[in-house]
Amino acid sequence: MMQDLMKSSFFLLFSSMLIVFSCKEKDGIKSSNEIIADQMEHHLKTEVLDKWYPLSMDTVDGGFFSNFSYDFIPGEKQEKMIVTQSRHVWTNAKASKKYPETSYYLKGAKHGYEFLRDKMWDPEHGGFYWLVDKQGNQIGDPMKTAYGNAFGIFALAAYYDATKDESALELAKDAFHWLDLHAHDSIDGGYYQHLDPDGTPISRPSSTPSTSDLGYKDQNSSIHILEAFTELYQVWPDPILKRRLEEMLLLIRDQIVTEKGYLTLFLLPDWTPVSFRDSTDEVILNHHNLDHVSFGHDVETGFLMIEASEELGWGHDEITHLIAKKMIDHALENGWDNEVGGFYDEGYYFNDGFRITHDTKNWWAQAEGMNALLLMAELYPEDPQDYFQKFLTLWGYTDTYLIDHEHGDWYSGGLDKQPELKRVGKGNIWKGIYHHYRSLDHCISRLREMNE
């Protein structure tokens, strides 16, 4: 571990020296931004994309394998969830545009699209199934979710953008209309998360234990509906879609984000927050899955709100920018590890003050953090938070504690806190490639743009 700390410190020192001595390209010497972009791109190509594709394509039953060992051996059991399958389609579609010389990205996107269309779409009731077996047969709880259907829309829009396959756009429209017809709340706005197989929203029964999230609205489905509608609006500027995109942005920005600058996790249908603040510490911790500060979601949402605002054509939307900045600043001030870098997983405002309740650092939060910090560095280059230096710190942390340079891809959490994750699987239905692909892709592009 001491070697890891030395490696991280050396990386940060090296990066700082580059900023001082190579701020601009001179005499053929690359700038610091270009060097970091090159490092990230080499990592993205060789240690991420090359590990997942085409290996993860299930050429027998369609779609993508979900489960992989730490050294990328496919597991025997291969369930397929709409979220994971959609994220693979989205990633392949995006990679096919970024690296058109690599033919199997486009093939992979088509391969995954056909599985969504033929196996995961419910031909009887409409909407996407939540979970199917390897062959594509619906298994488990038949309940559908707005969250899962949002990712289906997200994937279809990206696939259409990459291929101009009209059938994909038509399915994306069908999925949007299905979700809007069944899950949209015409009274209080937003979308119900849990749906019966026929699309009927599931109300919260009084007998349900308070630790269950059944029947609540929530930030996670809301921010990914926002993300999906943003992606779809880029290729289908439909007026109803635009109204829903605006609605989701304003709901998240003005109601789900708290005054302090973090997201309320769960809410009643009328958007009343679910909170255990006035309970004992024991009750609060027992209900942490419903009520805590999630730094990863906060920094991710800051980016997603700005992205949606720009796609809507709101220009320099000062209110959205300031609230996004507030969220990222709150995460830095309360959930940032000042010793080695990285965002902690959870915290809480107890009656006697704020405390970190889970000091682990999951992979996706660090990926979203890098993307958000570099965006803030571009928007607020002179800010006292020094976003660019924190971005460098987080990249150094990621390179040291998250990237598996031996077997490829990222560990599911930072080894500084969870060294046991070194031998835990690289893939499952909740861990794929989309978070760190997007972050690396955006950071590479932004670094190169900032250097111009």
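The values are calculated or read from the model by the stated rules, or taken from the named source; none is laboratory data. Remember, it's a predicted structure, so these values are computed and weren't measured experimentally. Using ideal geometry, Cβ is built from the backbone for each residue, glycine included, and neighbour counts are taken over all protein chains shown. Note: areas computed on protein heavy atoms with side chains; ligands, DNA, RNA excluded. Shrake-Rupley method; radii C 1.70, N 1.55, O 1.52, S 1.80 Å.
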| remark: Within segment 172-213, the count of residues that are among the charged types (D, E, K, R), open to solvent by 40 Å² or more (accessible area, probe 1.4 Å) and either under 22 Å from Ile256 (Cβ atoms) or at pLDDT below 95 (or both) comes to 3
| request: Please verify whether segment 63-76 includes one or more residues that are open to solvent by less than 10 Å² (accessible area, probe 1.4 Å), modelled with pLDDT of 95 or more and among the acidic types (Asp, Glu). | output: no
| query | Can Asn92 be described as touching a Leu at 6+ places or on another chain (Cβ under 7 Å), buried (at least 24 other Cβ atoms within 10 Å of the Cβ) and under 18 Å from Ile429 (Cα atoms)? | reply | no
| request: Would you point out the residue of segment 293-349, among those that are assigned to a helix (DSSP H, G or I) and aromatic (Phe, Trp, Tyr), that is farthest from Glu378 (Cα to Cα)? | output: Phe295
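Let's see how each residue does on (1) in contact with a strand residue (DSSP E or B) (Cβ under 7 Å, 6 or more places away or on another chain); (2) β-branched (Val, Ile, Thr); (3) surrounded by 18 or more Cβ atoms within 10 Å (Cβ to Cβ):
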{"residue": "Pro269", "(1), (2), (3)": "yes, no, no"}
{"residue": "Asp281", "(1), (2), (3)": "yes, no, no"}
{"residue": "Ile284", "(1), (2), (3)": "yes, yes, yes"}
{"residue": "Gly296", "(1), (2), (3)": "yes, no, yes"}
{"residue": "Phe303", "(1), (2), (3)": "no, no, yes"}
{"residue": "Ile306", "(1), (2), (3)": "no, yes, yes"}
{"residue": "Glu310", "(1), (2), (3)": "no, no, no"}
{"residue": "Gly315", "(1), (2), (3)": "no, no, no"}
| task | Could you pull out the residue among Val89, Val60 that is in a loop (DSSP other than H, G, I, E, B) and aliphatic (A, V, I, L, M)? | result | Val60
| remark: The number of residues in segment 122-136 that are within 23 Å of the chain's Cα centre (by Cα) and of a type outside the set (Gly, Ala, Ser) is 5
| note | When segment 77-89 is checked residue by residue, the ones that are of a type in the set (Lys, Arg) and either at pLDDT below 95 or open to solvent by 10 Å² or more (accessible area, probe 1.4 Å) (or both) are Lys77, Arg87
| message | Given the options His297, His292, name the one that is under 19 Å from the mean Cα position of the chain (by Cα) and within 23 Å of Asp317 (Cα to Cα). | response | His297
| query | Exactly one of (1) touching a helix residue (DSSP H, G or I) at 6+ places or on another chain (Cβ under 7 Å); (2) open to solvent by 30 Å² or more (accessible area, probe 1.4 Å) is unmet by Ile223. Its number? | reply | (2)
| task | Restricting attention to segment 229-257, report how many residues are among the aromatic types (Phe, Trp, Tyr) and out of contact with any Asp or Glu (no Cβ under 6 Å at 6 or more places or on another chain). | result | 2
| query | Scanning for something without any contact (Cβ under 8 Å) to a residue 12 or more places away in the chain and closer than 27 Å to Asp218 by Cβ, does segment 141-149 turn up at least one residue? | reply | yes
